[in-house]
Structure formats: C-alpha cells, structure tokens
Amino acid sequence: MMIEVDGSMGEGGGAVLRTALALGAVSQRPVHIYNIRAKRAKQGLQPQHLRGVEALAKLTNAKIEGAKLNSTELTFEPAIIEGGRHRIDIGTAGSTTLVLQILMPAAAFACKPVEVEITGGTDNPAAIPIDFMKNVTLSTLRKMGYQGDVECVQRGHYPQGGGIVRARIEPIEKLQALMLTEPGKVVNISGLAHCVRLPADISTRMAHAANKALIKAGYSKVQIKSESYPPAQDPHLGPGAGITLWAETEGGAILGSSSLGKLGKPAEQVGQEAAENLIAQLKTGCAVDRYLTDQLVPYLALAEGVSEITSAEITSHTLTNIALVEQILDVKFELQDGRGQAGNIKVNGIGFAKGKFKRLAS
C-alpha cells in the first residue's frame, strides 16, 4: 500500500522527507510525498536532499520518480536492502549528517554491512554536527542494539564544503526498547572544539570558555579537547570553527549541545553558548536533549516493547516526526506537556524484525 505524505505537515521541512522515506525503505513500502519542504524559503529538493534520496534508492534498489533539484513531489518504491559500499558527493556544503539520517534506519536492516563515505558539510548551522552524531546520537542508539559508527575524516564548513565522513553500520535483527527517564547525576562532560584554516588559538579559546562556564555551574569533571592544524598541513577547503559538548550521567543518558563560529563572533562566545545550552538542558532533569529527541522517534516506534524518554524540550521537529510516524506505523505516542517545554514521551513499538512488521497503519 502506497504511503501518502504531505510534505507541508508540521514544520514542513526536510525532516518530513527523510523520515517518510526512511520508514518506507525499512518496511519496503512505496512512498509518495508531495509539497516537499513547502514551508522553507527554498522549496523542493535541494542538493543534500536529492543526494540522500539517490543514496537511499541505491541502498534499497528503489525506483524513483521526481528526483531532481527543486522537485516538490517524489515517488519512491524500495525493494531489498542489500547493503554494501556507497560513496556520496553532495556537491555543496550540504549536511553530511542529514544524509546519514535518511540512510541509517534502513542500513540497520540490510542484508550485509553498509559502508558509506559522504562528502559535503560536517558542521552546519541547520543540522547536528558530526561530533554530535558520533558521541550522542549513535552512542544512544547503541543502547537500543543499533550497531554503527562514524568518523570525521575531514571537516567541511559553509560555503566551501569538502568535508568527508565515513560510516559503517552492521545489520541487526531488531531494535530494543529504550528507557531513559531518570538521568541521575552528571559523571563526566566531554567536548571537542575545532578550527580549520584559522589560528590555532581559536579552538583553545572556545574550549577554555566552555570549560570555565561549566565549572562555574558546578560541573567539575570536564574534558574538552582542542583540534587545529598547522597552516602548511591543513587540508581543508575553507575556514570554520565550532564546538560540541556532551554530558554522560550515572543513569546512562548522554545529552549534547553545540555552537558554530562565524565571522565577527568571538571564540569565547561560541564556547560559552554551547556550555550554557548544555547547562540549561541538564537543569531540566531530563535524560534526552532537544536535538536528539526528534531523531529517536522513528527508532522508538520500530523497537520491540515500550520505550519511554524524558526530553529537555519537545520541539516542533519532534511533534512533526511523531505525527508522521503515527501516520505510517500503527503506533500511538503518549506525550506529557507540549511544544517548547520539557516533557515525557512514551510509545509501544511495533517490534520490527528484518523483512516484516507486526503492525502497519492502514
């Protein structure tokens, strides 16, 4: 049965496209999506979305119609998820992590391991940075039995791009339910501040400012690394800087935050922003940060059994993802509190096992 998705639903951005196609790929059901990115200034498929669609089509041996730049309508008919090696060049500084997001659910249920290399942006304003995906997203998904890792081979910033990431995902039989409601005390805060094609002191200043703010807030176990390159040995295409932080708690939670540098923005401000963001989320007493919450929604629905998380903030992205997943799968999420607030999210997953669903939406 064809899955019909209105791309203008909810926040009306690229997340609707990614989630709809990812779930269609896992379930091997055709997807028709229209009004793609209808609520964005540039509507339709942009390079990073198009490359993601094309990569998912190769991974799932899918037939696609409407896969062209600026297209607002797309039909996607997946077949078997074979796995194997794939190389993707976005061609711009478009986000490599957003391309990974569309591939990751299907890759987990492939016939053989998936290895993918993506060229594009690694640290983008409108997407999670690669260090967040490695240290927060994938670290949390492993608690559900997901088997995957990613490495940043080379940084890529807007507008030059040129970043390279490599990921390897091992097939699994099913996902386990996730219970993350009581984080407990913070046992360690880690981080990575980086700069490329810029003076090395920028990364150290970001790290120092973040460290200072975290210690002032009462967090004593802080380890933030600085990453920079001597000018003669710097392979990157253009200048860029940023910092990603993640806190590990005694209850097994990992919460993250990040901040990007830009021309005229002091390095100290970048570091302090990331720290204050993380501190604010930790103060909610929740176990999942606002950025990870919407990413987890499809996985919680696919998992076997009841999953429950507490989120530092239920964003419009999260609400959109929940509405879309409920439309495609036969699940019903339970939410306490609403948009823009900390809250509780609970769902009884469908228990997907390779090749079939226990429950499908009609």
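The values are calculated or read from the model by the stated rules, or taken from the named source; none is laboratory data. Remember, it's a predicted structure, so these values are computed and weren't measured experimentally. Neighbour counts run over all protein chains shown; Cβ positions are idealised from the backbone, glycine included.
Here are the numbers for this structure:
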item: Selection count, the range 140-161, where residues are surrounded by fewer than 18 Cβ atoms within 10 Å (Cβ to Cβ) and of a type outside the set (A, V, I, L, M, F, W, C); result: 9
item: Residue in the range 5-21 that is buried (at least 16 other Cβ atoms within 10 Å of the Cβ), over 17 Å from Glu326 (Cβ atoms), β-branched (Val, Ile, Thr) and at pLDDT 95 or above present; result: no
item: Subset of the range 31-53 [surrounded by fewer than 20 Cβ atoms within 10 Å (Cβ to Cβ) and either touching a helix residue (DSSP H, G or I) at 6+ places or on another chain (Cβ under 7 Å) or polar (S, T, N, Q) (or both)]; result: Asn35, Gln43, Gln46
item: Where a residue in the range 97-118 is more than 18 Å from Glu173 (Cα to Cα) and its partner, wherever it lies, is acidic (Asp, Glu) and in a helix (DSSP H, G or I), with Cβ under 9 Å and at least six apart; result: none
item: Strands (runs of 3 or more DSSP E) within the range 116-235 that include 1 or more residues of a type in the set (A, V, I, L, M, F, W, C) and within 15 Å of the chain's Cα centre (by Cα); result: 147-154, 163-170
item: Residue match in the range 284-299 (condition: buried (at least 18 other Cβ atoms within 10 Å of the Cβ), in contact with a helix residue (DSSP H, G or I) (Cβ under 9 Å, 6 or more places away or on another chain) and farther than 23 Å from Gly184 by Cα); result: yes
item: Filter result for Ser220 (outside the structural domain of Asp131 (by TED's automatic domain parsing), surrounded by 15 or more Cβ atoms within 10 Å (Cβ to Cβ) and not acidic (Asp, Glu)); result: no
item: Scan of the range 50-99 for residues that are among the charged types (D, E, K, R), assigned to a loop (DSSP other than H, G, I, E, B) and within 22 Å of Lys112 (Cβ to Cβ), ordered by number; result: Glu82
item: Test: residue in the range 199-212 that is β-branched (Val, Ile, Thr), in contact with a Phe, Trp or Tyr (Cβ under 6 Å, 6 or more places away or on another chain), under 25 Å from Ala126 (Cβ atoms) and not assigned by TED's automatic domain parsing to the domain that holds Glu308; result: no
item: Which numbered condition Gly238 fails, given (1) touching a Gly at 6+ places or on another chain (Cβ under 8 Å); (2) modelled with pLDDT of 95 or more; (3) not assigned by TED's automatic domain parsing to the domain that holds Gln176; result: (2)
item: Residue in the range 297-304 that is in contact with a Ser or Thr (Cβ under 6 Å, 6 or more places away or on another chain), under 22 Å from Thr320 (Cα atoms) and free of Cβ contacts under 8 Å to residues at least 40 places away in the same chain present; result: no
